[in-house]
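Structure record follows, encoded as structure tokens.
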Amino acid sequence: MTRRRKSHQSHGTTNRPRFWGRHAVAAVLDNPNRNVLRAWATRDGAAVMNFPKDVPLTLADVADLGRLVPHDAPHQGVVIEAEPLEDVWLDGILQSADARSVLLVLDQVTDPHNVGAILRSAAAFGAAGIVTQDRHSPPEGGVIAKAASGALERVPWARVVNLARALEEIGEAGFWRIGLAGDAETDLAAALGPKRVALVLGAEGPGLRHNTREHCDALARLPISDAVESLNVSNAAAIALYAASIS
């Protein structure tokens with residue numbers, strides 16, 4: 001181990017995503033499909049984390065670690081850089097899905113906190129995976145990993161070029177595609193039925209795009225009260241996943 005005081009201003013790159021926080025870092029270290037490149041930690045952080053012996057570890061103080069991550073990010077004394085996960089292909093998720101599966105499709109949901117929270121809910125309810133459009137989804141990184149609380153390492157995430165074409169493939173694989181829309185006339189409970197379900201959610205504000213809605217078998221809404229106009233997309237995803245799991 002080495003100790004250096006010089007700060008590192010970068011917060012990671014697409015090819016070398018950076019992760020922080022003990023839970024998120026532990027999940028990366030426990031994932032055999034991850035290649036960890038380097039680590040930084042306080043002495044207390046290093047003592048509780050199981051860093052591989054072949055990973056270069058730099059001991060640093062809390063202030064130095066704070067410069068390695070976005071402002072006010074809760075690093076909890078540990079930061080690592082790793083190679084990104086290998087690409088996950090949609091057909092692989094569809095082929096491995098069992099007779100009763102739930103898939104999440106996100107239509108231009110770009111906020112990494114929301115995507116991370118959705119991954120966490122997907123893991124909690126045993127979803128087969130999530131699907132996003134590559135150009136309109138956040139890159140893999142520490143913000144998503146922290147919000148996902150380890151689920152980034154567990155839930156298959158397929159990034160596709162054309163979301164409409166992906167929805168066609170999902171339908172051909174026997175999934176009933178339900179688009180969540182506040183203006184839908186049908187409640188989600190009534191739209192559920194088939195054992196294989198793809199829940200399609202749009203970004204907050206714009207919601208589902210027209211072409212995405214056209215590639216759904218049904219549109220449904222969550223039966224919320226008039227006290228609020230809508231729910232955060234990650235909250236909506238969690239409720240929809242629960243409803244699908246008990247249908």
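Values in this text are rule-based calculations from the coordinates and carry no lab data. Being a predicted model, the structure only gives us computed values, none of them experimental. Virtual Cβ from ideal backbone geometry, glycine too; neighbours counted across all protein chains shown.
Comparing T110, T13, T132 in a Gaussian network model of the chain, where Cα atoms under 10 Å apart are tied by springs, the biggest mean-square fluctuation is seen for T13. Counted by Cβ distance under 14 Å from Q95, the other residues give a net charge of -3, where Lys and Arg count +1 and Asp and Glu count -1. Can you tell me how the stretch 99-234 classifies by the Cα gyration tensor, rounded, prolate or oblate, using a/c under 1.5 as the rounded cut? Note, shape of the stretch 99-234 comes out rounded. Annotation: the antiparallel percentage among DSSP beta bridges lying fully within the chain is about 25.
Excluding the site residues themselves, the longest part of the chain lacking any trypsin sites (Lys or Arg not before Pro) in a DSSP loop with at most 11 other Cβ atoms within 10 Å is 54-247.
Do the sum for the chain: with -39,500 (n - 2.57) for every DSSP H run of n ≥ 4, divided by all residues, what is the mean residue ellipticity at 222 nm, to the nearest 500 deg cm²/dmol? So the helix-based figure for the chain works out to -8500 deg cm²/dmol.
Once the Cα atoms are used to define both axes, helix 163-172 deviates from the longest principal axis of the chain by about 60 degrees.
FRET efficiency for the I246 to D72 pair, using the beta carbon distance and R₀ = 30 Å, is estimated at 0.20. Legend: P(r) of the stretch 41-137 from all alpha carbon pair distances, 5 Å bins from 0, whole percents, reading 2, 10, 15, 16, 14, 13, 14, 11, 4, 1, 0.
Restricting the GluC sites (Glu not before Pro) of the stretch 125-191 to loop positions (DSSP other than H, G, I, E, B) with no more than 10 neighbouring Cβ atoms within 10 Å leaves E185.
When the chain is treated as a GNM with alpha-carbon contacts under 10 Å, the residue of D87, D187, D134 showing the greatest mean-square fluctuation is D87. How many angstrom lie between the C-alpha centres of the stretch 205-247 and the stretch 38-97? Cα centroid to Cα centroid, the span is 33 Å. Considering only Q108, Q76, Q95, the Gaussian network model of the chain with Cα springs below 10 Å gives its largest mean-square fluctuation to Q95.
Helix 112-124 and the longest principal axis of the Cα set of the chain meet at an angle near 70°. Between 0 and 90 degrees, rounded to the nearest ten: what's the tilt of helix 233-246 against the longest Cα principal axis of the chain? Roughly 60 degrees between the two axes.
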